[in-house]
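A.B. asks: There's a structure below that I have some questions on.
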Amino acid sequence: MSFTGKYELQSQENFEPFMKALGLPEDQIQKGKDLKSVSEIVQDGKKFKITVTTGSKVLKNEFTIGEECELEMLNGEKAKAVVQMEGNNKLVTQVKGMKSVTELNGDTITHTMTLGDLTFKRVSKRV
C-alpha cells in the first residue's frame with residue numbers, strides 16, 4: 001500500500017491541550033487550531049518525504065524506514081528518531097517521549113500522537 005498522495009485535514013481531537021503540553025504559546029495555538037492543513041506524502045520504497053502545510057507554516061520531514069533521521073516536531077524542535085513500518089499501512093516512531101502513529105486505510109490517514117496520558121488525533125482524506 002502506497003502512502004503517496006495529498007491529504008486534507010478533516011478533523012482533529014485534543015489540539016489545544018496537546019499543543020500546550022508541547023509548550024506552544026497560546027497565540028500560536030489559537031491561530032493554528034482553525035487553519036486548513038494539507039499533508040503531501042511521497043513514498044519511494046522505504047524512503048518518505050512528508051510536507052505538512054498549515055496556513056503559512058510548512059513542516060518538512062524526510063526519512064527512510066528503519067534508519068535514524070532528524071525529524072522536525074510540531075513545535076519546531078528537531079529530534080533524532082527511527083521510523084518503523086508495522087504491516088504495510090502503519091508508520092510508528094517515538095520522539096522525545098511522544099509516540100507517533102500514522103495509519104493509512106484506503107483514502108484516509110489517521111495520525112495519532114500520544115504524550116503521557118494525552119492523545120492528539122488528526123484525520124485526513126486523500127484529495
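A.B. asks: Considering only region 37-56, how many residues are assigned to a strand (DSSP E or B), over 19 Å from residue 110 (Cβ atoms) and not β-branched (Val, Ile, Thr)?
C.D. replies: Of the residues in that region, 3 qualify.
A.B. asks: Can you report the number of residues in region 24-44 which are open to solvent by 60 Å² or more (accessible area, probe 1.4 Å) and either in contact (Cβ under 8 Å) with a residue 12 or more places away in the chain or among the hydroxyl-bearing types (Ser, Thr, Tyr) (or both)?
C.D. replies: 6
A.B. asks: Oh, and also: Could you please tell me which pairs satisfy a Cβ distance under 8 Å, a separation of 6+ or placement on different chains, a first residue in region 114-127 that is among the polar types (S, T, N, Q), and a second residue that is open to solvent by 50 Å² or more (accessible area, probe 1.4 Å)?
C.D. replies: Every condition considered, the pairs that remain are 114/99; 119/13; 119/14; 124/8; 124/10.
A.B. asks: Of all residues in region 98-115, count the ones that are open to solvent by 60 Å² or more (accessible area, probe 1.4 Å) and touching a strand residue (DSSP E or B) at 6+ places or on another chain (Cβ under 9 Å).
C.D. replies: 2
A.B. asks: Next up: Looking at region 47-63, can you tell me whether even one residue there is under 17 Å from residue 11 (Cβ atoms), surrounded by 15 or more Cβ atoms within 10 Å (Cβ to Cβ) and out of contact with any helix residue (DSSP H, G or I) (no Cβ under 9 Å at 6 or more places or on another chain)?
C.D. replies: Yes - at least one qualifying residue is present in region 47-63.
A.B. asks: Check every one of the strands (runs of 3 or more DSSP E) wholly within region 57-109 and list those with 1 or more residues that are at pLDDT below 95.
C.D. replies: 57-64, 68-72, 78-82, 90-95, 98-105
A.B. asks: Out of all the residues in region 3-19, which are assigned to a loop (DSSP other than H, G, I, E, B), under 13 Å from residue 49 (Cβ atoms) and open to solvent by 30 Å² or more (accessible area, probe 1.4 Å)?
C.D. replies: Correct list: 4 only.
The values are calculated or read from the model by the stated rules, or taken from the named source; none is laboratory data. Every value quoted in this text rests on a predicted model; they were computed, and no experiment measured them. Quick reminder, even Gly has a Cβ in these numbers, built from the backbone with ideal geometry, and neighbours come from all protein chains shown. Protein only, heavy atoms only, side chains kept; ligands, DNA and RNA dropped before computing areas. Shrake-Rupley method; radii C 1.70, N 1.55, O 1.52, S 1.80 Å.
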